[in-house]
Amino acid sequence: MDSRINWLLLLNAGLGSFLAGTASRIFAVSLPTIANSLETTIVGISWAVISFQISTISLSLVFGRIGDIYGRQTIFGLGFVVSAIGACLCGLSQNVFQLIVFRFFQGIGASMTQSQARALAMDSMPKESAGKAQGFMTTAFHSGVLVGPSVGGLIIDYVHWRAVFFFLLPIALVGMTLTLLNLKRGNRSRVFMPADTQTAIDYLGAVLLVLATIALIAIIDHRIMEIVGFELRIVIIVLFAGLFLGFLYRESTTASPILDLSLFRIRMFTLSGLSLLLVGVAQVMVGFVLPFYLQDILHLSPSFMGFLFISAPVFTVTLSPVAGWVADKVGPRLPSTTGILFLVIAAFFGGFLRADSHWTSAVVVLALWGLATALFYPPNHAAMIGSVPAQHRGVATGAVYVMFGLGSTFGISMGTLLLTAAFRYYSGDASATPTPANPAVFVSAMNFTFFVAGIMGLMAMACSAMRGKEKSR
């Protein structure tokens, strides 16, 4: 056992990622039941998803910066507290409006933990083991992804949907306890303490960043754009442009920016972030459409579908540490780019699925999807966080989740838009909505969407290949 590894800190950071993975999937599998219980529609319950996205994406950079200044473990531990309170409030919600508000609050806690967890994992290990640290974190997250749906299904069937949220409380309590033990033992993360002129929080920049992120999410989320008129859409676009330009100006002139723009001069950081964004878009475009194909075209049962979807996280959980180890030896470019290649193959292979294809063909897509996740994420995250100076690791970790969150949101919007446009083209009906009632047309539209996802993957491969081959600092 390597005495240089702070195992307690590493375990606690992994627990934070496990909680995030479990919470994401356990809530997703609960959506239909919660919607029925709270007497709302799929559109209404989707706002509970949107509110969580808004808080996590908009606040990750802010809390990353706060952690860099005041201590990552402090913010990390407080994140467990906020997450626990948020989960409890969600479980007590009496209507969908309360659930939406409490999910936003729960997202604040998630942004506090996620913006620190991967940086803490790197702080817990020697600098030459950055890839291993990120491999461990990816395994922890996808372990939660793996167990979340099955545990959620059992809780809903045998207890109540409210217990899904209460199930998260013990995990958060263990996280709080481990954080206190770390702080008591003096196992603080190696936070660079800047000069006095650099310790202030840029509150104006934080507000501009949050508002700009909210406006951007509104623009790219088709559910929001569907309920606003044309004039309001233009207003939101103009508002985003003004807020974003104001944020850039503020960050370039203030003495203590939330996001130091000079970080984007680091090629490894910038191209790794762009690769992450493009991979997120491509992965979600495939993962969003595929369940409809399995259930509505191949007529597989939900339980059997759930069994098939295990194939992706199994690859991710088992192979992520290997990818991290390889990245420590040869740098992030080779394993990350290879991972994206498997995603490209999965997307193009999915582009040839037919209405009468055997379900094993879809399993091939899922397996390649999981293999891509295992090979890409640990080296890429290590590259993003490890390429910046130590005093900016929290911000870099926050940037990881911003890119991942925006990629997921872009992916859903693009997937829906492309599927609808292609369905209308192949059906010859300019007002048609994608439906499995016409399997051949639906599958053709799905194939087109997958091919575009493959092209996005090729763009990500180009960014990954151009990032350089140096190892993390």
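Using θ = phi - 60° in the Karplus curve 6.51 cos²θ - 1.76 cosθ + 1.60, the 3J(HN,Hα) couplings for the range 149-159 round to x, 5, 5, x, x, 5, 5, 5, 5, 10, 10 Hz; x is entered for Gly and Pro. Heavy-atom accessible area for D260, with the other protein chains in place and a 1.4 Å probe, reaches approximately 50 Å². Rounded to whole numbers, the Karplus 3J(HN,Hα) couplings from phi for the range 311-326 are 4, 5, x, 4, 4, 5, 5, 7, 9, 4, x, 5, 4, x, 5, 4 Hz, using 6.51 cos²θ - 1.76 cosθ + 1.60 with θ = phi - 60°, and x at Gly and Pro. Of the listed values [x] 23.9; [y] 22.6; [z] 25.3, identify the label whose number matches Kirkwood radius over Cα pairs in Å calculated from this model. Here the calculated entry is [y].
For every other residue with a beta carbon closer than 14 angstrom to the beta carbon of S93, add +1 if it is Lys or Arg and -1 if Asp or Glu, then tell me the sum. Walk me through the numbers before you get to the answer.
Working: positive: R103, R162; negative: E39.
So the environment of S93 carries a net charge of +1.
The order of F309, F269 by accessible area, most exposed first and with a 1.4 Å probe, is F309, F269.
Would you please classify the overall shape of the range 6-77 from the alpha carbon gyration tensor, given that a ≥ b ≥ c denote the square roots of the eigenvalues, rounded means a/c under 1.5, and beyond that prolate means a/b larger than b/c while oblate covers the rest? Note, shape of the range 6-77 comes out oblate.
Please tell me the relative contact order of the range 305-439 in percent, rounded to the nearest whole number, where contacts are Cα pairs under 8 Å and at least six residues apart.
27 percent
Rounded, prolate or oblate: which one fits the range 281-368, using the alpha carbon gyration tensor with axes a ≥ b ≥ c (rounded when a/c is under 1.5, else prolate when a/b beats b/c, else oblate)? It is prolate, given that a/c is not under 1.5 and a/b is the larger ratio. The 3J(HN,Hα) values that the Karplus relation (6.51, -1.76, 1.60; θ = phi - 60°) gives for the range 121-126 are, in residue order, 4, 5, 5, 7, 10, x Hz. Gly and Pro appear as x.
Rounded, prolate or oblate: which fits the range 346-455, taking a ≥ b ≥ c as square roots of the Cα gyration tensor eigenvalues, rounded meaning a/c under 1.5, else prolate when a/b beats b/c? Taking the square roots of the gyration eigenvalues as a ≥ b ≥ c, the range 346-455 is oblate.
With contacts defined as alpha carbon pairs under 8 Å and 6 or more residues apart, what's the relative contact order of the chain in percent? Spell out each step's value before the answer.
Numbers: 873 pairs, mean separation 109.7, N = 473.
Reported as a whole number, the value is 23 percent.
Evaluated over the chain, the count of Lys pairs having alpha-carbon atoms less than 20 Å apart is 8 (only pairs 8 or more residues apart or interchain). Only protein heavy atoms count here; under a 1.4 Å probe, F166 has an accessible surface of about 70 Å². Taking all protein chains together and a 1.4 Å probe, the residues Y426, Y70 rank Y70, Y426 from largest to smallest accessible area.
Seen from I57, the other residues with C-beta closer than 14 Å to its C-beta sum to a net charge of 0, counting Lys and Arg as +1 and Asp and Glu as -1.
Surface exposure of the chain, expressed per residue as accessible area with a 1.4 Å probe, stands at 41 Å².
Amide H contacts of D260: none lie under 5 Å away among residues 5 or more positions distant or on a separate chain (H built 1.01 Å from N in the peptide plane; Pro and chain starts excluded). Legend: residues L92, L308, sorted from most to least accessible area (1.4 Å probe; ligands, DNA and RNA excluded), read L92, L308.
The values are calculated or read from the model by the stated rules, or taken from the named source; none is laboratory data. Only a predicted model underlies this, so the values are computations on that prediction, with no experimental measurement involved. Because the Cβ atoms are built from the backbone with ideal geometry, glycine has one as well, and the counts that use them run over all protein chains shown. Heavy atoms of the whole protein, side chains included, go into the accessibility calculation; ligands, DNA and RNA do not. Shrake-Rupley method; radii C 1.70, N 1.55, O 1.52, S 1.80 Å.
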